[in-house]
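Before any comments, here is the structure.
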């Protein structure tokens, strides 16, 4: 029978505060980017890019807000969820002895992912705006490897760290 996990309030370090601040600033910059460029967008903009980076679907310019809204909702949901690390899934059993270390590691990973999501969605919107205004034809070649690395490298790092600190 599983024992209930301890509920611990994780104290934020200066690094945690810096990550949270970076996330909020990135989200604000994302909104400013979209709002500042919206009036200049053509009526139809790319709404999807294929694996080669070519636009393969178009829609109304109002669709530029879709990524901004989704990124904001994910950021807010992850911010709220990060206050409850006892409900996360872990690779190791959580005990009273390791809970603080595991929760601290997991909440840091969540902060990294929040910032990453905002940055990736912001990059997609930036590339959409560039493509819409004729400043580029496609996503740049580095976009897919960069975004995959931004997601999976921190996840791998924090998973390995979680196993080591069990």
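The values are calculated or read from the model by the stated rules, or taken from the named source; none is laboratory data. Here the structure is a predicted model, which means the values were calculated and not measured. Backbone-built Cβ (ideal geometry, glycine too); neighbour counts: all protein chains shown.
Looking at this structure, is residue 8 over 17 Å from the mean Cα position of the chain (by Cα), in a loop (DSSP other than H, G, I, E, B) and crowded, with 16+ Cβ neighbours inside 10 Å? Can you show your working first?
Numbers: over 17 Å from the mean Cα position of the chain (by Cα): yes; in a loop (DSSP other than H, G, I, E, B): yes; crowded, with 16+ Cβ neighbours inside 10 Å: no.
So residue 8 does not fit the description; no.
Scanning for something in contact with a strand residue (DSSP E or B) (Cβ under 7 Å, 6 or more places away or on another chain), touching a residue at least 24 places away in the same chain (Cβ under 8 Å) and either assigned to a loop (DSSP other than H, G, I, E, B) or over 21 Å from residue 29 (Cα atoms) (or both), does segment 142-158 turn up at least one residue?
Of all residues in segment 142-158, those in contact with a strand residue (DSSP E or B) (Cβ under 7 Å, 6 or more places away or on another chain) come to none.
Within segment 142-158, none of the residues are in contact with a strand residue (DSSP E or B) (Cβ under 7 Å, 6 or more places away or on another chain), touching a residue at least 24 places away in the same chain (Cβ under 8 Å) and either assigned to a loop (DSSP other than H, G, I, E, B) or over 21 Å from residue 29 (Cα atoms) (or both).
I'd like to know if segment 106-124 contains one or more residues that are without any contact (Cβ under 8 Å) to a residue 60 or more places away in the chain, surrounded by 15 or more Cβ atoms within 10 Å (Cβ to Cβ) and outside any helix (DSSP H, G or I).
no
Can you tell me which residues in segment 47-86 are part of a strand (DSSP E or B) and closer than 21 Å to residue 148 by Cα?
Taking segment 47-86 and keeping what is part of a strand (DSSP E or B), we get 47-49, 55-60.
Answer for segment 47-86, where residues must be part of a strand (DSSP E or B) and closer than 21 Å to residue 148 by Cα: 47, 48, 49, 55, 56.
If only one of 127, 138 is under 23 Å from residue 29 (Cα atoms), in contact with a strand residue (DSSP E or B) (Cβ under 9 Å, 6 or more places away or on another chain) and not in a helix (DSSP H, G or I), which one is it?
Details: 127 fails: not in a helix (DSSP H, G or I).
So the residue among 127, 138 that is under 23 Å from residue 29 (Cα atoms), in contact with a strand residue (DSSP E or B) (Cβ under 9 Å, 6 or more places away or on another chain) and not in a helix (DSSP H, G or I) is 138.
Residues are listed down the side, and each one gets a yes or a no for (1) under 25 Å from residue 113 (Cα atoms); (2) modelled with pLDDT of 95 or more; (3) surrounded by 11 or more Cβ atoms within 10 Å (Cβ to Cβ):
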{"site": "54", "(1), (2), (3)": "no, no, yes"}
{"site": "79", "(1), (2), (3)": "yes, yes, yes"}
{"site": "86", "(1), (2), (3)": "yes, no, yes"}
{"site": "97", "(1), (2), (3)": "no, no, no"}
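Condition check ((1) free of Cβ contacts under 8 Å to residues at least 60 places away in the same chain; (2) under 23 Å from residue 143 (Cα atoms)) across all residues:
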site	(1), (2)
10	no, no
22	no, yes
37	no, yes
45	no, yes
56	yes, yes
59	yes, yes
